[in-house]
Amino acid sequence: MAIAKMKKLTLLAEHTNKEAVLKSVQEMQSLEIIPVAEVLEESLLNDFDTSASRDLSNDSQARLQDIEYAINYLQDYVEQPGLIERLKTKKEVFSLKELESIVESADVDALLEQVSLKEKQLNNLDEKIKDLKQEEEFLRKWRALSFKPEEVSHFRLMDVLVGTVDKEQSEALVEGLRDNGRIYYDEVYRRSDEVAYLIILPKTERKQFDDLVAQYSYRELTYTHELLPEDELYRNLTEQKQVRGDKEKIIAEMKKWTSLYRNLELAEEYYYNLSEREKAHNLLLDSHHLFLLSGWIEEEKVDSLKANIDQTIGESEVAVLSEDIMMKEYNEVPVVLKNNSFVRPFEMITEMFSYPKYNEVDPTPLMMPFFMVFFGMMAADLGYGMLLFGVTLFALKAFNIEGSMGNFLKFLYTLSFPTMAFGVFFGSFFGIELPIQVFSLQDDVLEIMAFSVVLGLIQLLYGLVLNGIIKGKQGQRASSYVDGYAWFLMLIGFILWVGGAMLLNMPLLTQIGIGLVVLNAVGILVVSALSSSNKALGIGLGAYNLYGISGYVGDIVSYTRLMALAVASANIAMAFNMIIGFLPPIARFTVGVLIIIALQALNIALTFLSAYVHTSRLQYVEFFGKFFEGGGRPLTPLKMLEKHVWMEDNNNG
């Protein structure tokens, strides 16, 4: 089993030590705190307050959100290291005490206020630029206007008007002005949506003019500027330049805020840790003087947690009780997968499907060899494998890639080996056939398909044996036989039956195969009936179980995808090579090099993606379905953020 053994831990201490205990627990990042009132007997709760605790986390959560907002805002302005530099740089390591000391000595409120002030200044400048741009657009349209409308508004005999009309109505308006004969007009500007006119008319014609323009969308110019449009435009452009200069100065200043930005990152770590501890307060039980804390923890980390609490608070100040997990708690216990460094990257495949329950097995080490073989067979190219090996090895050695991305790189690095191995097995190197090969992806398609089916049968038989073993250990003897061993023996019988009758012409082998099939088919019916209180129902369930033979046929056929993808990938690569081969020599060694690189890169991406998806499917549907149920959940301990820094590991286990 690759599932860590768990313990239930209970801590009892005085209120004065509550925060110190929670800090010690958080430092270890190994204890999942659970609501104590839900796990203790009612008689033990009489002296404790089981009502919901006051929510202490509101202030820290609000502060955390302010800090996160400030960090996200500054990301666009503060100079950040390049991608390569970030990948090479290791995170700093802090103890919880060191982190708190740094953040508490920094004035976080002042930092946030500083960021907020600059944000307001930039927003104001952006609004000002927006207004100036709108004003510029207006002035550029009217820059040909050589007077202000108010200067000609008091003429005694003539009216001088300036206005616009929609473009589609301009011709009709002009026609009406021409028909009058006593109105002068001149076009000031023309745009895609409107036309502007200067109109001079005797005051005696004003009523006729008003009646005319009432038919159209005529809009008289409202001009509020002090200077002429040309002069106002110059002022506008000058002011825009000044505002942009002010904005650039602020941005240049913010670019140098690397120290402030770092302090905010540390503050984010600090306030996240604080808010998580304050949320944990709601899971505790309080009496007048004491509090009670309970949770799940890995057995091997119990001593480390005790030692850390003793060192921080004192052995006599906290009572720590650890209990074994009871069978009735198996569905509630969180799961921690424990595998060696070689298997660990493949845990991501199990996690995407489902965590096992506490009383199940971790399918990761059982599935990993098959995943490697199936992926390698589908990718099956020595060149592709060497490229994957080189890229992942370089990334792992040259850069400091940690966490889930680091595990994914190790996962791909491991898969490069079966890819290269099957590349040699099938004699394929970037779609070029090698002189040495076991099977040819061009000529031995049927043999490769048979090989795929054999691999599939091996995995199915292995899964059925695992089902029998697991159900047997869980005390489900009838299910162990009916769902595991019986089907294993029946499939063996079918293999001997077909092999003896069609391949080897050995009647004895055929008879043995038929005997195994019949004997275990009857066995399924009998055991199903005996294990059921309703014998007729038991026989019916056994018969329905036998009907599942069609599902096994489908499972076996599913493994032919190993052959299909291997052949498809190789043939696509060969087709790309053939296309380049048709080019003239000059083109082949110039533009052809770029084309083949692009085409092979496309095929590599499709090949690895298809191999990953279809290999995962074979594990989830064909293999896991034979012995693995899942439905568990991972351990979620009280932990620290570790987004910008690493925290010291105080676990000695």
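Any read-out appearing in this document is the output of simple, stated calculations on the displayed coordinates, not a laboratory observation. What you see is a predicted model; the values in this text were computed from it and never measured. Neighbour counts run over all protein chains shown; Cβ positions are idealised from the backbone, glycine included.
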Practice item. With unit charges on the beta carbon (Lys/Arg positive, Asp/Glu negative), name the residue among Ala110, Leu415, Val320 whose Cα is farthest towards the positive pole of the charge dipole of the chain. Key: Leu415
Revision key, fill the gap. Going from the fewest other Cβ atoms within 10 Å to the most, one would list Met28, Met158 as Met158, Met28
Practice item. Kindly identify segment 547-633 as rounded, prolate or oblate by the Cα gyration tensor criterion: order the square roots of the eigenvalues as a ≥ b ≥ c, call it rounded if a/c is under 1.5, otherwise compare a/b with b/c, prolate if a/b is larger, else oblate. Key: oblate
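Count the net charge of all other residues whose Cβ sits under 12 Å from the Cβ of Ala570, scoring Lys and Arg as +1 and Asp and Glu as -1. Don't jump to the answer; show the numbers that get you there.
On the way: positive: none; negative: Asp381, Glu433, Asp443, Asp444.
Around Ala570, the charge tally is -4.
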Review point. From the square roots a ≥ b ≥ c of the eigenvalues of the alpha-carbon gyration tensor of segment 149-222, which class results: rounded (a/c under 1.5), prolate (a/b over b/c), or oblate?
Key: oblate
Exercise for review: Assign unit charges at the C-beta atoms only (+1 for Lys and Arg, -1 for Asp and Glu), then state the dipole size of segment 249-343 relative to its Cα centre in Debye, rounded to the nearest 20.
Suggested key: 760 debye
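Return Ser153, Ser531, Ser569 ranked ascending by Cβ neighbour count within 10 Å, so the fewest neighbours appear first.
On the way: Ser153 10, Ser531 17, Ser569 25.
Lowest to highest Cβ neighbour count: Ser153, Ser531, Ser569.
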Point to revise | Separation between Cα centres of segment 551-620 and segment 473-544, rounded to whole Å | key: 41 Å
Check your understanding: Any idea how far the Cα center of segment 1-36 sits from the one of segment 215-283, in Å?
Key -> 46 Å
Point to revise | Net charge, Phe488 excluded, C-beta distance under 14 Å - Lys, Arg +1, Asp, Glu -1 | key: 0
Check your understanding: Given Lys7/Lys357; Lys338/Lys473; Lys88/Lys120, which pairs have Cα atoms separated by over 26 Å?
Key -> Lys88/Lys120
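Would you compute, from DSSP H runs of 4+ residues alone, the mean residue ellipticity of the chain at 222 nm, taking -39500 (n - 2.57) per run and dividing by the full residue count, rounded to the nearest 500?
Values: 24 runs with 375 residues, N = 653.
One gets -19000 deg cm²/dmol as the mean residue ellipticity at 222 nm.
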Practice item. Evaluate the charge dipole of segment 149-222 about its Cα centre and quote only its size in Debye, nearest 20, assuming +1 on the Cβ of each Lys and Arg and -1 on the Cβ of each Asp and Glu. Key: 240 debye
Practice item. Tell me which label goes with the value of Rg and Dmax of the Cα atoms in Å computed from the coordinates here: (i) 25.2, 78; (ii) 26.1, 88; (iii) 38.9, 127. Key: (iii)
Study note, to complete from the structure: Using alpha-carbon positions, the gyration tensor of segment 308-430 gives root eigenvalues a ≥ b ≥ c; with a/c under 1.5 called rounded, otherwise prolate if a/b exceeds b/c, else oblate, the class is oblate
Practice item. Among Leu266, Val465, Leu393, flag the residue with its Cα farthest along the positive direction of the charge dipole of the chain, charges on Cβ as +1 for Lys/Arg and -1 for Asp/Glu. Key: Val465
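Please sort through the DSSP H helices of the chain and keep those with an alpha-carbon extent of at least 27 Å along the long axis and a Kyte-Doolittle average not below 1.0.
Values: long enough: 108-142 (51 Å, -0.99); 229-255 (38 Å, -1.45); 258-281 (35 Å, -1.22); 403-426 (35 Å, 0.98); 445-473 (42 Å, 1.58); 507-530 (34 Å, 2.07); 561-581 (29 Å, 1.52); 591-617 (39 Å, 1.49).
Length and hydropathy pass: 445-473, 507-530, 561-581, 591-617.
Among 237-243, 536-542, how do they line up from the highest to the lowest mean number of other beta-carbon atoms within 10 Å? Mind dumping the intermediate values first?
Values: 237-243: 13.6, 536-542: 16.1.
Taking the mean over residues of other Cβ atoms within 10 Å, the ranking is 536-542, 237-243.
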Practice item. Count neighbours as other Cβ atoms within 10 Å of each site's Cβ, and list the chymotrypsin sites (Phe, Trp or Tyr not before Pro) in segment 501-566 that are DSSP loop with at most 16 such neighbours. Key: Tyr547
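Give, rounded to the nearest 20 debye, the magnitude of the charge dipole that segment 101-227 has about its Cα centre when Lys and Arg contribute +1 at Cβ and Asp and Glu contribute -1 at Cβ.
Numbers: 19 positive and 28 negative charges, 148 e Å.
Dipole size: approximately 700 debye.
Can you list the trypsin sites (Lys or Arg not before Pro) in segment 158-189 that are in a DSSP coil and have 15 or fewer other beta carbons within 10 angstrom?
Details: sites: Lys167, Arg178, Arg182; in loops: Arg182.
Qualifying residues, ordered by number: Arg182.
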